[in-house]
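What follows is a single structure, written as C-alpha cells, with notes after it.
The values are calculated or read from the model by the stated rules, or taken from the named source; none is laboratory data. Please read these numbers as outputs of a predicted model, since none were measured by experiment. Methodologically, a virtual Cβ is constructed for each residue, glycine included, from the backbone with ideal geometry; neighbour enumeration extends over all protein chains shown.
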Amino acid sequence: MPMFRPPQLSLRVLRDTRYVPAAAALAANAGEAFGFGEKEQSYLRLSVEDGLGYLCAVADADEPIEIEMRGDVHCMQLRFRCSLKESNLRVLNLTAKPPVENGEATRDLELFTVSRIADRVWLAWEPNGQVTLSVVIDRIYAEPTQPLAGNISPALDWRIEPASPESIQTAAAIAVAHCTEQQYPAFFRFPGQAADVIASGDWQAALAVTSGSEVAGVVLWTRNNSRMVELRGPLLFPQSQPPAMAAGLIEHVIRNVARTTAIGIVNRSTGLASAPAGFEVLGTLAACGAEASTVDTFSFRGLVEDAGTSVFCHPELERFLRHEYARLVLPRKLHLTARAERNVGGSSVLICDFRAGGREVLLRPVMFGPDACQNLLEHQRWLHERGVGFVLVELDLGVPWQTAMAPILLETGFSPRMVIPYGGRSDTVLFQYMGQFQHGGQG
C-alpha cells in the first residue's frame, strides 16, 4: 500500500488582528482542498479565526505566530506556535466555564471556543520556550458500524495478512459484535473512519483469515512516538480461537517494527490477567462499576537492549519507581525534585482524553499552578457527575515540573499502577483513581 502523504499548508503571521480574516479564509479554503465537508471546514475556519485572534493579544510582539494546517484522511490538524507573554490558559480545562464578566465576554472566550470546537486539543512547551497549541478536527462519519456476529468456528488453519481499508471494515464489524468497547479502538465505531485511519497509515493492522476466508482475528499497532509502539489486540473471534493465532498476529507486528527506530512495544489487554507470550507485565488497572471483575493488563516487550536513561522523580514516588525499575530490570538514574520550576502560570491545566465510549478518561497535566489540587478535584467531580468512573492520570518523568503533581495525586485518591518505558519524553507513570469521590478540597 503506498504511503499517504498528508497535504500541508503553513504561514507566519505578524501579531496583528488585521491578518485574522485573511488567515481564516485561507483555513476554509484549505479544508475544502483537503476534501472535508462544509461543517468541518467551518470548524477549521473558526478555530483559526478565534485561535489567532486570541494569540494576537497574548503572544510576544517581537515574534511572528506560525500556523500549520494538515489534512489527514480522517482528520485535520491545526498547530499554532509562538512565544507567550502571558501563560494563564485555564480555559483549556474541561471544567472551565465560559469566560464572561459583568455580562461581557472576556478575551479568553476565543481560546475557550477553540477548545470546545476541537475533537482534541494539546499544549506542548518547546525547549526554546515557545508553546505549540494543537487542535484536531475529526472528519464527520454518519454511518455507525453494524455488528456482524456470525458463527465463526475455531480455525484449523489460517493465514496472516495485512489489513486493507476495505478488509478492516469487516474486522471492525466483527469486533463490535464480539468485543466490548474497551477492547477495540474508537475508530472501529464507524466503518468509514476505520478505513480512513488505516489508509492514512496512522494505524496499521493485520488479520487472521481462515481457509474459508473468514476474519478470525485482528491486531493493530501505531507509533506513540519515535521509540514506542502501541499494540491493540490481538482480538480473536471468538476468543476460543487457537493461541497460535494470537501468537502469529503478534509475531507479524514484531517483524514489521523490528527494523524501525522503535525500541519497544506496549500492549493493553482488556479482560485478561496475563500478558502475551514474550511480554513483561507492567501493571494492571482495576475496572469499575458493572465490570468490576474485569482486569486490564499492560505489558511490554523490548526490541533492543535498554541502554538506560534518566528520569525526574518526586521523593514521594521514589520507593515505587525504584521497586518497578528493579522488577523490570530497567537501568534508570533518578533525579529527585519536588519543585515545579517551569510552566508555572496563574492556573494549572489538565487535558482530557476520553476513551471507551466516554466511560474512561486519561488526564494529562500540561501546566502547573497553585490551584493544581483544586483543579484536579473539580475534574473528579465533573467526571463523577457524568458517570465517568474510570479515571487515569499520566505523568511524564522526562518533564521535571510534572513531578510536583505526584503528592497531589496521592492525596486525592490516585494510586500509581505502572511505569511505561519511554511513554513520553522519558518514561511515564500511570495513576488510577482508587478512592472515594471527593466534593471539595484546597490546593
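Of note:
- Odd one out for ALA186, checked against (1) outside the structural domain of GLN239 (by TED's automatic domain parsing); (2) of a type in the set (A, V, I, L, M, F, W, C); (3) modelled with pLDDT of 85 or more: (1)
- Candidates GLU318, GLU324, filtered to the one that is closer than 16 Å to MET405 by Cα, at pLDDT 90 or above and over 23 Å from the mean Cα position of the chain (by Cα): GLU318
- Pairs meeting the criteria (first residue in the stretch 50-69 and crowded, with 22+ Cβ neighbours inside 10 Å, second residue small (Gly, Ala, Ser) and not in a loop (DSSP other than H, G, I, E, B), beta carbons under 7 Å, at least 6 apart or on different chains) are LEU52/ALA23; ILE65/ALA59; ILE67/SER10; ILE67/ALA23; MET69/ALA27; MET69/ALA30.
- Tallying residues that are within 13 Å of LEU220 (Cβ to Cβ) and touching a Ser or Thr at 6+ places or on another chain (Cβ under 7 Å) within the stretch 187-197 yields 1.
- For the stretch 365-394, a residue qualifies if it is part of a strand (DSSP E or B) and within 14 Å of GLN432 (Cβ to Cβ), and the qualifying residues are PHE390, VAL391, LEU392, VAL393, GLU394.
- Screening the candidates LEU395, LEU383 for the property of being modelled with pLDDT of 95 or more and surrounded by 20 or more Cβ atoms within 10 Å (Cβ to Cβ) yields one hit, LEU395.
- Selection from the stretch 155-193 of residues that are closer than 13 Å to LEU235 by Cβ and among the hydrophobic types (A, V, I, L, M, F, W, C): ALA163, ILE168, ALA171, ALA172, ALA173, ILE174, ALA175, VAL176, ALA177, CYS179, PHE188
- A single member of THR113, THR132 is over 21 Å from GLN241 (Cα atoms) and in contact (Cβ under 8 Å) with a residue 60 or more places away in the chain, and it is THR113.
- Test: residue in the stretch 13-31 that is closer than 29 Å to ALA205 by Cβ, outside any helix (DSSP H, G or I) and among the hydrophobic types (A, V, I, L, M, F, W, C): no
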